[in-house]
């Protein structure tokens, strides 16, 4: 197992989601780990939302990354491929006020059309940041191998699950939304990297600095 570190010092983190709960499902454990081990400045940018889901997303962001900024594009859920130019303009606007060390976003091979659209746009806007593509469990059965893992300690894995339930009340009636789903995926990714729990990400490109940043 090869370890790759993030740059030292305060970390600027940009979290991109097509829907209000994507970020927390995909990288919530990682955000909780960062919050207790690093000084982070986090921005959440969500492309689709309505009034009630905005409230949920703001509550979740404050819990997973205290002090974070949350921005919404207010585009319609399920139709991002048809609103490509508006999504692109929103992300370009976010880029004007951020300079992230790491960007979290969906995978390019995600089965949901909104996720894929955001995934495609991300690297057209942020070309010089480390992009970690998260996974979201769903009935489509699109779970595929990951390349990079972030171990999540037991207490924070369970904290992630608790916060998801507390924050996104509107999603509790979905048949796939439960503690076993989220803990189970983290447990499988943990097995793959020799930890109890972990979150898995896909990295398209990475530069190895052999000079150690000099």
Report the Cα centroid-to-centroid distance between the stretch 11-80 and the stretch 97-114 in angstrom, as an integer. 12
Calculated Rg and Dmax of the stretch 25-65 using C-alpha coordinates, Å: 11.1, 33
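Would you work out if the stretch 1-91 is rounded, prolate or oblate? Take a ≥ b ≥ c from the square roots of the eigenvalues of the alpha-carbon gyration tensor; rounded if a/c is under 1.5, else prolate when a/b is larger than b/c, oblate otherwise. Don't skip to the end; give the middle numbers.
Details: a/c = 2.25, a/b = 1.71, b/c = 1.32.
Verdict is prolate for the stretch 1-91.
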For the pair residue 79 and residue 55, how long in nm is the line joining their label points, each one 7 Å along Cα→Cβ? 2.5
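Below 8 Å, C-alpha to C-alpha, sequence gap of six or more: please give me the relative contact order for the chain in percent. All intermediate terms of the calculation are to be shown ahead of the outcome.
Working: 355 pairs, mean separation 48.4, N = 214.
Relative contact order for the chain comes out at 23 percent.
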Return the distance in nm (one decimal) between the two label points of a simple spin-label model at residue 88 and residue 193, each offset 7 Å from Cα along Cα→Cβ. 3.3
May I ask for log10 I(q)/I(0) of the chain at q = 0.09, 0.16, 0.17 Å⁻¹, from a Debye sum over the Cα atoms as equal point scatterers with solvent left out? -0.32, -1.10, -1.26
Could you check which residue among 16, 183, 164 shows the biggest mean-square fluctuation in a GNM of the chain with a 10 Å Cα cutoff? 183
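Just the number, please: percent antiparallel of the DSSP beta bridges in the chain, rounded to the nearest 5. Spell out each step's value before the answer.
Details: 5 of 25 bridges.
Beta bridges within the chain, antiparallel portion: roughly 20 percent.
What ranking do 32-40, 137-145 get when scored by the average of other Cβ atoms within 10 Å per residue, highest first? Don't jump to the answer; show the numbers that get you there.
Numbers: 32-40: 15.6, 137-145: 11.9.
Sorting 32-40, 137-145 by mean packing, highest first, produces 32-40, 137-145.
Pop the C-beta distance of residue 71 and residue 142 into the FRET formula with R0 = 22 Å and round what comes out to the nearest 0.05.
For R0 = 22 Å, the calculated efficiency reads 0.20.
Laboratory data are not the source of any read-out in this text; all were calculated from the coordinates shown. Model, not experiment: these values are computed from the prediction. Heads up, the Cβs are rebuilt from the backbone with ideal geometry, glycines too, and the neighbour counts pull from every protein chain shown.
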